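The values are calculated or read from the model by the stated rules, or taken from the named source; none is laboratory data. These figures come from a predicted structure and were not determined experimentally. No Cβ is skipped: glycine too gets one built from the backbone with ideal geometry, and neighbour counts run over all protein chains shown.
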Amino acid sequence: MGWAVTVAVLLAATPTFVTRGDVTPEAGLRREAEVAWTALEARYVQEAGGAPAKPPGSIVLQKGAALTPQRNGQGRPGWVELRQNAPGVLDERLRLALRHELAHQLLWWACPQSSEDRLFHEAFAVAVSGELPSWKEGPYLSLSRAASELAMAPAVDTPRARRALARLLNESSGFPPALSRRLRQCQDGARWASPLSIDELAGVGVREARPATVVVSRHSGEVLLAEGDVRRALPYGSVLKPFLYAAGAEHPVLPPRPGVPEWLCGAGLPAKVDARTALLRSCNGYFLDWEARGSAPRAFGAWGPVLASVGLTGLPEDMAEATGLRSTRALSPWGVAQAYRLLAEARPEVVALLADNAARGTLAELPVSKSLAGVATKTGTVRDAASRPQFGWIAAVDADLVAVVVRPGAMPRQFADEVPKALARARKQAGLEVARVQVLGLLPAGDVEARCAGAGFSLEEGVPRAGAEAWAPLASLTKRGAAVCLGAPWRVRFPGGPEGGRDYAGVFITSAPPPYRPPPGVPTTPSAMKARRGSDFIFRTTRLQYAAGVVAAEDVTLTGEPRVALARVVAHNEQHGHSRHPGRPVCDTTHCQAFRGTVRVRSEDAKALGLAPLKWRRWLTFSQGGQEPWRQARPRAEVERLLGRGLVSLRFEAGRVHYLRAQTEGDATFDTARSLPCDLLRSGLKLPSCPRSAAFNGASLLFEGRGRGHGEGLDVEAAKASGSRSDVLLENAYGGETK
C-alpha cells in the first residue's frame, strides 16, 4: 500500500472521540486523542503489514471512577477512563495514559481475536505509548528476575509487573519481534491459538543462529579462518567488557553486595573486588556499581567509535547494555575479532591481564585450561528469561592471532576446547609469525600518504583515534603510536609511485634510525646513504606476507620450485637483518631485499614457509642472475668517488673487486692494492651485476658483465632453468656451510 493511500485509510478510520466534560479541556483532549490514534494506527500498519478493514466507531473519554493509583483505564471497548490530577491541564502523565489506553482500544478494534490475551494487550500498549523510557529508571532488573516478577502478576496490574514487562520489551533495540509476529497474525485474521507467553516475549531472537568461528592475524589483519555466518550481528554478552576496562580513567575497588544475583561471580570472591578480578570473573555487579558511582565510561568511551566502525548496532545507553545484560545491541564475530586486534595493539597490558582467565577466571579448572595457558581469553553468555544460554562467546588472543568462537545454546565452558582447535587450524598456514621491515626510507617522509578502506585508527598512548578515510600523511598517522587499518590493508601512495598506490596489509609505526656513518670504502651516494641509514617507518606484517611481497618485487613471474627456493631465502634473511641494519629490521631496498608492499600469497610462498628453517646462520645473497651480456660506461670521477683517487687498474674475482691506486709521498709514487666486496661497487654505480672486466677509456671506464644482480648466492635465472627442487637449488647456491 502506497503512503498516500495508507494515510487516507488512517484518516478515514479515525474514530469519533466523545467527552463528558469531566476531563478538560475537552477540545484539547479530543485533538490529543486524534493525534495519538493516528500515530498508533500507523505503527500497527507498519508492523502488521496493512490497515484493518473494519472501521472503528466512537470512543468515550471520561473521568475514571474508583481507579487504583496504579491504573488509569479499566479496559472495555469504546470507553477510556482517565485520572486528571489538575483540572484543565493535559500534562505528560495524562498524555501517556491516554496513549496507553487508546492502544488497547486499537487492538479491540483491529484484532478482536486477541481480546483475552492480557499480556499481549499490555505489552503492545507499553511498547507504543512512549512510557518505556520511564520504566528504565531504578536499579537494574535482570531478564530472569523480570520474567519471574511477570509470572507472579499475569494481569500486569502492578508497578512491579509493569516494570518487569518493560524490562522484557527493552530487550529489543527496535520494536519487539514477538509483537510484530502477533500483529501480522491479527492482520491475517489467524485464529489466536495460544496467548503470548513470557518466554516468547523475552526471546532474544538468536536461537536459529549457527556456530561461527573466525580467526584473524594480529599483524596483517587478514581473515585466516571463517566458518559460519561470521558477519551476522548478535547480542554479545560479556565479551566486550575488556573495552570498558580499557576506557576507564579509574578502576575503583568495590565491595560485593550479598544476595544480588549480578554479584554471583564464583566462589571465594574477596571482600573487596578490584577491576582486574571483576574482569576475569566477569562480575556484572561490579560494572553496574561502577556506573552507579559515576566514574564508569559511557558508551565504551574512546572505544565506542572503534566498536561502531566494525558493526556495533548502536552505542549502549547504560552499563546494562554495554555489558550485554540487556541484549539490545549486537556485533558480529568478525567485528569482535577486529576490535580485539586493535585492543591488543593499543593496550597490551589489558590483553596480558586476560591471559590469566584460564588460570583464575571464567575458564579455570577445565581439562582444556592448560592448553589455554598464555592465551588471553574473554567469555560472554547471552541468556533468555529462564536463564538458559541462548549462545556463548569466547574471544582469544595470542602472540599472532585473534580468534572468536560463538556457539548457540551453550555456555563458554562447554566449548572452550574449540579455541585451541581453531588456533591450530589457522596455523596450518605457515608463516603467521611477525615480520618487520623498514619501508619507504628512500622517500621524504612528508611525501608518503596512506588511507584505509576499512576503519583506520591511530593510537595515541593507547587511545584509538579514528583516521580520515581520505589520504593523510603517514607521518601524521604514526606520530604518537601505531596506525592500524581494520578490515582492509593500508593503501600507500607517493609521488612517482604506481597510480592508486600500493597495498600494505599490516601495522605502521614511526621509529627513527640512529645516525649513520658509512665505514671506509662503502658508497656514499645520496641513495646509498638513505638505504644504509634505514627508514623512519617500520611496517609489521606476517612473515608469509613479507616473503610473498619480496618475491613479487624481485621477480613477479617466478613460479614452481625456484619461487619456493627464493621465498625460503627471503624469509630466512628477514630474521638475519642485523647484518644489514644492526638492531633494526631489514629495509625494503636492494641493500636488503626489495619490498613494495603486500600481494596475494601464492601456493609456492605458503609451501616455502611451511618447510624446515634453513641451516645457514648468515645473510644469504641472491640475484636475478642469468647470462645476458651487458656493457655500460661510467665516468672515471664517479668510480673514484667510490674507490678513491688515483685508480690505475681493476679486476674482479670471487665476488670482490681488487684495484690499485697510485699514491704519492714526497717525491715517490707507488701503487697500493685494495679490495672490496664487488656488490658495493655494483650498487654504488647502479650496474646490472658485478662486472667481469673493466677497461679505462679516457675520462670513463667501460664495464662488461653478464646477468643481473651481484652474482652471488642463488642465481634466479639459473634456478629457473635447472628443474631442481628447492633443497637442491639452495645447497648448490650456498654449499654445506652452516655458519
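From the list THR589, THR598, which residue is in the same structural domain as ASP503 (by TED's automatic domain parsing), polar (S, T, N, Q) and buried (at least 24 other Cβ atoms within 10 Å of the Cβ)? Quick ask: steps written out before the conclusion?
On the way: THR589 fails: buried (at least 24 other Cβ atoms within 10 Å of the Cβ).
None of the other options fit; the residue is THR598.
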(Q) For region 347-365, which positions are of a type in the set (D, E, K, R), assigned to a helix (DSSP H, G or I) and modelled with pLDDT of 95 or more? (A) GLU349
Q) Here are some residues: PHE175, PHE124. Which one is in a helix (DSSP H, G or I), out of contact with any strand residue (DSSP E or B) (no Cβ under 7 Å at 6 or more places or on another chain) and either in contact (Cβ under 8 Å) with a residue 24 or more places away in the chain or within 24 Å of GLN187 (Cα to Cα) (or both)? A) PHE124
Q: Return a yes/no flag: does region 729-736 have any residue that is within 22 Å of GLU554 (Cα to Cα), assigned to a loop (DSSP other than H, G, I, E, B) and at pLDDT 85 or above.
A: no
**Q.** All positions within region 688-697 that are over 16 Å from ALA637 (Cα atoms) and surrounded by 14 or more Cβ atoms within 10 Å (Cβ to Cβ)
**A.** PRO688, SER689, CYS690, PRO691, ARG692
Q. Residues of region 127-156 being under 26 Å from LEU106 (Cα atoms), part of a loop (DSSP other than H, G, I, E, B) and under 36 Å from the mean Cα position of the chain (by Cα), which ones?
A. GLY130, LYS136
**Q.** Unmet requirement for PHE703, which otherwise passes all of (1) under 23 Å from ARG580 (Cβ atoms); (2) in contact (Cβ under 8 Å) with a residue 60 or more places away in the chain
**A.** (1)
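Looking at region 688-709 only, could you name the residues that are part of a strand (DSSP E or B) and among the aliphatic types (A, V, I, L, M)? Write out each step before concluding.
Pass one, region 688-709, residues part of a strand (DSSP E or B): 689, 693-697, 700-709.
Listed by number, the residues that qualify are ALA694, ALA695, LEU701, LEU702.
Residues LEU119, LEU96, LEU107: which one is over 16 Å from TRP192 (Cα atoms), aliphatic (A, V, I, L, M) and in contact with a helix residue (DSSP H, G or I) (Cβ under 9 Å, 6 or more places away or on another chain)? Break it down into steps so the answer makes sense when it comes.
Working: LEU119 fails: over 16 Å from TRP192 (Cα atoms); LEU107 fails: over 16 Å from TRP192 (Cα atoms).
Of the residues listed, the single one that is over 16 Å from TRP192 (Cα atoms), aliphatic (A, V, I, L, M) and in contact with a helix residue (DSSP H, G or I) (Cβ under 9 Å, 6 or more places away or on another chain) is LEU96.
Test of understanding: among TYR140, TYR236, which residue is under 24 Å from TRP263 (Cβ atoms), at pLDDT below 90 and of a type in the set (Phe, Trp, Tyr)? Don't jump to the end; show me each part of the working.
Values: TYR236 fails: at pLDDT below 90.
Only one candidate qualifies: TYR140.
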Q | Tally of residues being closer than 19 Å to GLY266 by Cα, charged (D, E, K, R) and either at pLDDT below 95 or out of contact with any helix residue (DSSP H, G or I) (no Cβ under 9 Å at 6 or more places or on another chain) (or both) across region 366-385 | A | 1
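Has region 638-647 got at least one residue that is of a type in the set (Gly, Ala, Ser) and at pLDDT below 90?
Initial filter on region 638-647 (of a type in the set (Gly, Ala, Ser)): 644, 646.
Narrowing further to those that are at pLDDT below 90: 644, 646.
There is at least one residue in region 638-647 that is of a type in the set (Gly, Ala, Ser) and at pLDDT below 90.
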Q: Mind listing whichever residues of region 684-704 are among the small types (Gly, Ala, Ser), modelled with pLDDT of 85 or more and farther than 13 Å from ARG651 by Cβ?
A: GLY698, ALA699, SER700
